[in-house]
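Novice: First the structure, then my questions, so here it is.
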Amino acid sequence: MNKEETTIPLAQQQDVAESALQSPAAVATVDTPTNARLAGQPASRKDRFLGWLIDLVLQVLASAPFFWYMGLEAFQNPTPALMLANSANAILVYLALHGYLLHKYGQTIGKAEFGMRIEMLNGEKANLQHIVLWRYLPVILMSFVPVIGQWLTGLLDPLLIFRKDRRCLHDHIAGTQVNYCYRGDEPLTETATEAEAEAEATEASPAATATTADTVQQR
């Protein structure tokens with residue numbers, strides 16, 4: 001065949017490229033993967049558990065001098081004074097480890113590792129005062145309730161994460177939630193919006209158009 005017979009007009013090439021971009025297959029190339037961490041979406045139970053585990057290990061290590069000073073045998077039959085001292089130490093250690101991150105980003109060290117933060121129900125970052133007074137302190141006080149206190153804080157609190165909203169008991173008390181604050185490996189300070197997704201699709205369009213046009217020419 002002659003070259004004239006195999007060449008498609010540029011206007012038609014563009015129409016074909018635009019149609020390809022509007023097809024589901026083309027849209028799928030710019031969609032976010034289903035397993036990506038989307039800013040503003042509830043954190044997965046796995047990431048929340050791993051973040052909690054990191055924070056727990058750090059808390060235990062940082063509290064070791066207190067337990068060594070008081071003596072482990074004293075905790076076999078703790079007095080009310082010892083329980084209060086232990087709670088005060090726990091709060092101080094918690095603030096020493098996470099205070100700056102909580103104030104600045106609404107994150108603990110473990111949550112920051114997995115791109116999570118503590119938010120209010122309206123999506124705003126929870127401030128340090130609210131986190132300590134309404135999310136952390138009530139759980140400590142609840143543990144002092146005779147008989148049911150340990151069941152509430154040790155069993156019911158974490159089990160509520162298996163509800164659809166993935167909010168533990170302390171989240172319901174404080175009116176908070178734990179959401180992702182970045183997408184993939186790209187840090188984000190605010191919740192991802194549809195405008196951002198459209199902007200990404202627009203940036204990807206020239207490359208997709210060029211590829212489709214080249215394919216049409218080769219045909």
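The values are calculated or read from the model by the stated rules, or taken from the named source; none is laboratory data. Owing to the predicted nature of the structure, the values given are computational and were not obtained by experimental measurement. Reconstructed Cβ throughout: ideal geometry from the backbone, glycine too, with neighbour counts over all protein chains shown.
Novice: With (1) free of Cβ contacts under 8 Å to residues at least 24 places away in the same chain; (2) within 30 Å of ARG37 (Cβ to Cβ) as the list, and LEU92 as the residue in question, which single condition is left unmet?
Specialist: (2)
Novice: Can you say whether ILE131 is at pLDDT 95 or above and assigned to a helix (DSSP H, G or I), as far as the supplied structure shows?
Specialist: Against the criterion (at pLDDT 95 or above and assigned to a helix (DSSP H, G or I)), ILE131 qualifies.
Novice: Can you tell me which residue is nearest to the chain's Cα centre (by Cα) among those in the range 142-180 that are hydroxyl-bearing (Ser, Thr, Tyr) and not in a helix (DSSP H, G or I)?
Specialist: If we take residues in the range 142-180 being hydroxyl-bearing (Ser, Thr, Tyr) and not in a helix (DSSP H, G or I), then TYR180 is nearest to the chain's Cα centre (by Cα).
Novice: Test of understanding: among GLU194, GLU198, GLU186, GLU190, which residue is at pLDDT below 95, closer than 18 Å to ALA112 by Cβ and loosely packed, with under 12 Cβ neighbours inside 10 Å? Lay out the reasoning, then the answer.
Specialist: Working: GLU194 fails: closer than 18 Å to ALA112 by Cβ; GLU198 fails: closer than 18 Å to ALA112 by Cβ; GLU190 fails: loosely packed, with under 12 Cβ neighbours inside 10 Å.
That would be GLU186, the only listed residue that is at pLDDT below 95, closer than 18 Å to ALA112 by Cβ and loosely packed, with under 12 Cβ neighbours inside 10 Å.
Novice: Any residue in the range 94-108 that is in contact with a His (Cβ under 7 Å, 6 or more places away or on another chain), part of a loop (DSSP other than H, G, I, E, B) and not aliphatic (A, V, I, L, M)?
Specialist: yes
Novice: Right, next: Quick check on GLU113: is it out of contact with any strand residue (DSSP E or B) (no Cβ under 6 Å at 6 or more places or on another chain) and exposed (fewer than 13 other Cβ atoms within 10 Å of the Cβ)? Reasoning before the result, please.
Specialist: Details: out of contact with any strand residue (DSSP E or B) (no Cβ under 6 Å at 6 or more places or on another chain): yes; exposed (fewer than 13 other Cβ atoms within 10 Å of the Cβ): no.
Taking the combined requirement at face value, the residue does not satisfy it.
Novice: Select from the range 46-76 the residues that are under 28 Å from LEU159 (Cα atoms) and modelled with pLDDT under 95 and write down the one among them that is farthest from the chain's Cα centre (by Cα).
Specialist: GLN76
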